[in-house]
Structures are given as C-alpha cells and as structure tokens.
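The values are calculated or read from the model by the stated rules, or taken from the named source; none is laboratory data. What you see is a predicted model, and the numbers here were worked out from it, not measured in a lab. Reconstructed Cβ throughout: ideal geometry from the backbone, glycine too, with neighbour counts over all protein chains shown.
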Amino acid sequence: MNISPVPSTLTVSGVNGEDVAASGAPVLTAGVVRSAIAPSTLVAGDVARLSMTTAAGLVVMPYSIPEVTWSYAAAASGIVNTTTAVTVKTAAGTGIRNYIKNIQIMAEALGTATEFAVRDGAAGTVLFRTKITTAGVNINLTFDTPLRGTANTLLEVVTLTASGTGAVYVNVQGYTGY
C-alpha cells in the first residue's frame, strides 16, 4: 500500500473562470445555515465557516440571522408620569449579549421635560440618553454601530423624570450574539 503524505499547501481550482457558464464540477464557495448563534468556542486565528440564513443569504454584520433578532413594541398607554424602568429585552443567556440596532421614540406634549435613557441591566450603565422637551418628539434612530449590552444582562428603557402629563412610546429592534 502506497500512502503519500498530505501536502502542506493544496491548490484548489475550478474548471470555469468568472463570467463563464458553469460546466463540469466548479468549486463552490459555501457556508453553513444557522438557526441559532454560531459556536462560542471560536477564538482569534481559528478557521470558521461563513454563516448563511435559511434562504441562502450570507450573514454580514451588523445584522444577524433572523432566528436571533428580537423586537419590543411600546405598551398601549406608553410610559406615563413615571421613572420606573421598562425591560425591553430579557437577559439572552450565558455568554450571549443583546444588541440594539434601532429605536423609535414618540412623545406627546409632556407636562415636564424628561431625559430618556437605554440602560444595560436593571438600573445599570446608560448606553444611550436623549432629552425629550415638553413639546414632545418623534425620533427614529438607527445605530450603525449597534448598542452592545453586557453578556447575560437585560436591556431597559426609562424616563429619568416623571413627565407629569403625556406619554412616551418606545419601540426597539435588535439581535443577540457574542
């Protein structure tokens, strides 16, 4: 039996060039379809598979596979005259972070101006803050660099001053990842 050694470099080449009808067995670039977050054991220098959606779309950050996206819709009455925080996303699990990609804030005319904040954890670190005047607001925010929570920690929104009259409505969209 003759066993040849495995070469240290192996050149792979397809039978077709770019912009030519495929024939034979061309070499394909592919990825692995994921319906959950990729393995957490990967570290710098590791080889990893491309992540694909179940519709064969390549997953490119800052977006995620559909199965790990989430959204929060404002309560019917909004946040009214309170400084009590509202959880918009529960803790995602050991080692998994919550990311916020978009926020929509709509406030009616308020009796008192207030600060609005997104916090990492219950009464935690403020990740985002803005002022809502008594005239109200209608804001649609997209974060090119998503707001990144701490692993296994909830995300909450809060009005830091009671508004007196009027309501604040908040909708949030994001995803989970490492």
Could you tell me which of the residues T145, T150 is within 27 Å of S40 (Cβ to Cβ) and at pLDDT below 95? T145
Which listed residue is of a type outside the set (F, W, Y), out of contact with any strand residue (DSSP E or B) (no Cβ under 8 Å at 6 or more places or on another chain), under 28 Å from G177 (Cα atoms) and not in a strand (DSSP E or B), from S35, S64: S35
D144 passes all but one of (1) under 23 Å from S35 (Cβ atoms); (2) exposed (fewer than 13 other Cβ atoms within 10 Å of the Cβ); which number fails? (1)
Residue check, T134 part of a loop (DSSP other than H, G, I, E, B) and surrounded by 15 or more Cβ atoms within 10 Å (Cβ to Cβ): yes
Out of all the residues in region 135-151, is one or more touching a residue at least 60 places away in the same chain (Cβ under 8 Å), within 18 Å of G78 (Cβ to Cβ) and not hydrophobic (A, V, I, L, M, F, W, C)? no
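Considering only region 87-108, I want to know if a residue exists there that is charged (D, E, K, R), over 23 Å from the mean Cα position of the chain (by Cα) and assigned to a loop (DSSP other than H, G, I, E, B). Reasoning before the result, please.
Step one: list which residues in region 87-108 are charged (D, E, K, R), which gives 89, 97, 101, 108.
Still in the running and over 23 Å from the mean Cα position of the chain (by Cα): 108.
Applying the additional criterion that residues be assigned to a loop (DSSP other than H, G, I, E, B) yields 108.
Scanning region 87-108 turns up at least one residue that is charged (D, E, K, R), over 23 Å from the mean Cα position of the chain (by Cα) and assigned to a loop (DSSP other than H, G, I, E, B).
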Single condition I65 does not satisfy, out of (1) at pLDDT 95 or above; (2) within 30 Å of G31 (Cβ to Cβ); (3) touching a Ser or Thr at 6+ places or on another chain (Cβ under 7 Å); (4) not acidic (D, E): (1)
Counting only residues that are within 21 Å of the chain's Cα centre (by Cα) and buried (at least 18 other Cβ atoms within 10 Å of the Cβ), which one in region 69-84 is nearest to A109 (Cα to Cα)? A74
